[in-house]
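Asker: Have a look at the structure that comes next, please.
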Amino acid sequence: MAATAGSFQLGPDAGRVVIKTTRAGLAAKAGHDLTIEVTRWSAQVEVPAEADGGLAAATVRADLDLGSLEVREGTGGAMPLTDRDRREIKKQMTSILGSASATFASSRIIPSGSSGGAVEGTVTLNGRTQPARLQVTAPGNGQYRGSATVAQTGFGIKPYSGFFGALKLKDEVTLEFQLTLPES
């Protein structure tokens, strides 16, 4: 996973951050697996020169505004996802998360060859901190994609359930990102 040395300020103009949920329960066929975009986020990436440790010594910090979540896609379900469904889901997310923010801070970068690796660190949400590991690929020059799975309950969030518990979200959600570092 190669990277150009420099200091990079990133936000939605440099890429996308999405959260993917999956459904469970007896009525799972009625619900939707969701793709939810974080529309306001920022990240600071510091990559030292090769002589100073290069990519292995890099640091990453990201702040996600969870008040900016927007439902982009719903797959599965007995019926297609409607605009009304999106509004109801948004209302549920707001009642659960409020105007919370989540923060990721790296503690270690683990390069693996020229096209991938991992970023280990912590996620803080609701005053709770949990370890996280982002698996990262570099499909092109300055382009990065990655994902991590986190458990909602680790942050004191009770996964959504409806229809008297017959429809619920799985505890684990997947955070995915894709971004392009600007040329320095």
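The values are calculated or read from the model by the stated rules, or taken from the named source; none is laboratory data. Only a predicted model underlies this, so the values are computations on that prediction, with no experimental measurement involved. Reconstructed Cβ throughout: ideal geometry from the backbone, glycine too, with neighbour counts over all protein chains shown.
Asker: Suppose we filter the range 83-135 for residues that are of a type outside the set (D, E, K, R), within 18 Å of residue 174 (Cα to Cα) and at pLDDT 90 or above; how many remain?
Answerer: Number of matching residues: 22.
Asker: If you don't mind, another one. Looking only at the range 15-52, count every residue that is surrounded by fewer than 19 Cβ atoms within 10 Å (Cβ to Cβ) and either of a type in the set (Val, Ile, Thr) or not in a loop (DSSP other than H, G, I, E, B) (or both) and tell me the total.
Answerer: Here the count works out to 18.
Asker: With the structure loaded, tell me whether residue 139 is modelled with pLDDT under 95, buried (at least 17 other Cβ atoms within 10 Å of the Cβ) and more than 15 Å from residue 19 (Cα to Cα) or whether it fails that test.
Answerer: no
Asker: Which of the residues spanning the range 102-136 are surrounded by 16 or more Cβ atoms within 10 Å (Cβ to Cβ), of a type in the set (Gly, Ala, Ser) and more than 20 Å from residue 53 (Cα to Cα)?
Answerer: Within the range 102-136, 102, 132 qualify.
Asker: Is there any pair linking a residue in the range 1-20 that is polar (S, T, N, Q) to one that is at pLDDT 90 or above and outside any helix (DSSP H, G or I), with Cβ under 9 Å and at least six apart or on different chains, and which?
Answerer: 7/44; 7/45; 7/46; 9/42; 9/43; 9/44; 9/45
Asker: Quickly run through the range 126-184 and pick out the residues that are over 26 Å from residue 89 (Cα atoms) and of a type in the set (S, T, N, Q).
Answerer: 135, 137, 141, 143, 180, 184
Asker: Then there's this: Among the listed residues 56, 62, which satisfies the condition of being of a type in the set (A, V, I, L, M, F, W, C) and assigned to a helix (DSSP H, G or I)?
Answerer: Criteria check complete, one pass: 56.
Asker: Taking residue 144 and the conditions (1) of a type outside the set (A, V, I, L, M, F, W, C); (2) modelled with pLDDT under 95; (3) in contact with a Phe, Trp or Tyr (Cβ under 6 Å, 6 or more places away or on another chain), which numbered condition does it fall short on, given that it satisfies the others?
Answerer: (3)
Asker: Before we move on, is residue 151 under 17 Å from the mean Cα position of the chain (by Cα) and surrounded by 14 or more Cβ atoms within 10 Å (Cβ to Cβ)?
Answerer: No, not satisfied.
Asker: Suppose we filter 179, 175 for residues that are touching a Phe, Trp or Tyr at 6+ places or on another chain (Cβ under 6 Å), within 30 Å of residue 6 (Cβ to Cβ), surrounded by 15 or more Cβ atoms within 10 Å (Cβ to Cβ) and of a type in the set (A, V, I, L, M, F, W, C); which single one remains?
Answerer: 179
Asker: I'm trying to understand the selection: among the residues of the range 73-100, which are out of contact with any Asp or Glu (no Cβ under 8 Å at 6 or more places or on another chain), part of a loop (DSSP other than H, G, I, E, B) and among the aliphatic types (A, V, I, L, M)?
Answerer: Hits for the range 73-100 are 78, 79, 100.
Asker: Any residue that is closer than 19 Å to residue 136 by Cβ and buried (at least 16 other Cβ atoms within 10 Å of the Cβ) - is there at least one of those in the range 74-96?
Answerer: There is no residue in the range 74-96 that is closer than 19 Å to residue 136 by Cβ and buried (at least 16 other Cβ atoms within 10 Å of the Cβ).
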